[in-house]
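Enquirer: The structure follows.
All of the numbers you see were taken from the coordinates with simple rules; none came from a lab. Since the model is a prediction, treat every value here as computed from it, not as a measurement. FYI the Cβ positions are ideal-geometry reconstructions off the backbone, even for glycines, and counts take in every protein chain you see.
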Amino acid sequence: MIRRGFAALGVQWRRVVRGASRFRNDPKLRDRLQKTTKQAERARWRVGRLEQRIADVRTANAQAFARIEDNRELYIDLLKRALMHTLYRPLDIGARSAYAQRTFDEEQTRAEGRDWPRSAQTMVGIKRLDNVQNCVETVLRERIPGDFIETGVWRGGTVIFMRGLLRAWGDPPDRIVFVADSFQGLPAPNEQAYPADAGSQLHTAKSLAVPRAEVERNFELYGLLDDRVRFLEGWFKDTLPTVRDRTWAVIRLDGDMYESTLDGLVNLYPQLAVGGFLIIDDYHAHAACRLAVTDYRKEHGIEEPIKTVDWACVYWRRER
Ligand SMILES: C[S@@+](CC[C@H](N)C(=O)[O-])C[C@H]1O[C@@H](n2cnc3c(N)ncnc32)[C@H](O)[C@@H]1O
């Protein structure tokens, strides 16, 4: 519009100049010519001011967007540190293997999620939370449809993080975070059906049994317990079949055992959207979990490359 205005002004200006030479000696016309010249100058000045104002608004908009992104990043970063309990010293280090005890200092141990912390709301480390952030933000940016789920939530930290990410991105519609757990720890191994789980003692670990009320309370502490969060309480083999018809954008499996991992794959993977992500927390940490993934991939001809997140966790993005 501004350019068209300029073009029109230019035409008018040329006419005036042509006319001026013809009527130079006519006082009336000279007077008119002077007036028109002044009007044209004023119009030019106004257009200039308008252009300046548009440029100012554009700059202000860009600055506001940058500030929003900055604040979002600050919130997400603080949320991660709070969930991992790395904001305060001394660090909250819980049970860890003799290998971790020998090999890593406390900072590394918590940062890499190599312990079962005493009060942190997640046992995963920073790389795994970064990976969750990357997967969630990618599907939001690229509008890959579907919900988010973690199977095996313990105190809820990773699902709280998923819900926090949604909030930080303005709560886009039609996205729900599913929270699947027995809330009483891992199942005893079913050695007949799943020989890979034979000898597992994980079901005896009392510290892995976190009641649902405690997980809900943790969501509340962050102001993130609302109707965007759905609990699937019970053993995966019973609860996951009830959500088989949903579409998933991000699936995170953290059930440690062969059976728990396979239950997640069988019931959820077929409905993972193309472009969505599958994350397996324990792939490098538990041989039984790795075997479940290998068996499922073989059976279903899944060839997407497996990418490593850290010493324990892997993921891939569904391509077809
Ligand atoms: C290692 S913890 C999960 C850690 C958690 N993702 C975090 O961010 O800290 C494993 C969880 O999986 C749950 N779990 C494992 N197998 C299960 C199954 N078959 N059915 C229900 N819950 C299961 C346990 O109750 C436990 O809370």
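Enquirer: Could you give the dipole magnitude of the range 235-320 about its Cα centre, charging the beta-carbon of Lys and Arg +1 and that of Asp and Glu -1, in debye to the nearest 20?
Expert: Dipole about the Cα centre, nearest 20: 300 debye.
Enquirer: Here is a further query. Kindly identify the range 183-320 as rounded, prolate or oblate by the Cα gyration tensor criterion: order the square roots of the eigenvalues as a ≥ b ≥ c, call it rounded if a/c is under 1.5, otherwise compare a/b with b/c, prolate if a/b is larger, else oblate.
Expert: Verdict is oblate for the range 183-320.
Enquirer: With a/c under 1.5 counting as rounded, go ahead and sort the range 256-320 into rounded, prolate or oblate using the C-alpha gyration tensor (a ≥ b ≥ c being the square roots of the eigenvalues; past the cut-off, prolate if a/b is larger than b/c, else oblate).
Expert: Cα axes put the range 256-320 in the oblate bin.
Enquirer: So how do 70-77, 151-158 stack up, highest first, on mean other-Cβ count within 10 Å?
Expert: Packing order, densest peptide first, comes out as 151-158, 70-77.
Enquirer: Relative to the Cα centre, what is the charge dipole magnitude of the chain, using +1 at the beta carbon of each Lys and Arg, -1 at the beta carbon of each Asp and Glu, and rounding to the nearest 20 debye?
Expert: Computed about the Cα centre, the dipole is about 4080 debye.
Enquirer: Further, regarding this structure: Rounded, prolate or oblate: which fits the range 1-106, taking a ≥ b ≥ c as square roots of the Cα gyration tensor eigenvalues, rounded meaning a/c under 1.5, else prolate when a/b beats b/c? Before the final figure, lay out the partial values.
Expert: Values: a/c = 9.17, a/b = 6.63, b/c = 1.38.
Since a/c reaches 1.5 and a/b is larger than b/c, the shape of the range 1-106 is classed as prolate.
Enquirer: Now for a separate question. Could you tell me what fraction of 2.2 N^0.38 Å the Cα radius of gyration of the chain comes to, as a two-decimal ratio?
Expert: 1.56
Enquirer: Sticking with this structure for a sec: If I histogram all Cα-Cα distances within the range 71-230 using bins 5 Å wide from 0, what percent of pairs lands in each bin?
Expert: The percentages, shortest bin first, are 2, 8, 17, 19, 19, 15, 11, 6, 2, 0, 0.
Enquirer: Something else: Given the peptides 37-44, 225-232, 163-170, 236-243, arrange them by the average over their residues of other C-beta atoms within 10 Å, most packed first.
Expert: Going from most to least packed, we get 163-170, 236-243, 225-232, 37-44.
Enquirer: Right, something else. To test your reading of the geometry: what angle, between 0 and 90 degrees and rounded to tens, separates the Cα axis of helix 157-168 from the longest principal axis of the chain?
Expert: Relative to the chain, helix 157-168 is tipped by roughly 10 degrees.
Enquirer: Which value in deg cm²/dmol, rounded to the nearest 500, describes the helix-derived mean residue ellipticity at 222 nm for the chain, given -39,500 (n - 2.57) per DSSP H run of n ≥ 4 and division by the residue count?
Expert: -16500 deg cm²/dmol
Enquirer: Could I ask something else about it? Give me the Debye-computed log₁₀ of I(q)/I(0) at q = 0.21, 0.23 Å⁻¹ for the range 149-240, equal point scatterers on Cα only, no solvent, two decimals.
Expert: -0.98, -1.11
Enquirer: If you average the alpha carbon positions of the range 21-97 and of the range 199-272, how far apart do those two centres end up, in angstrom?
Expert: Between the Cα centres of the range 21-97 and the range 199-272 lies a distance of 46 Å.
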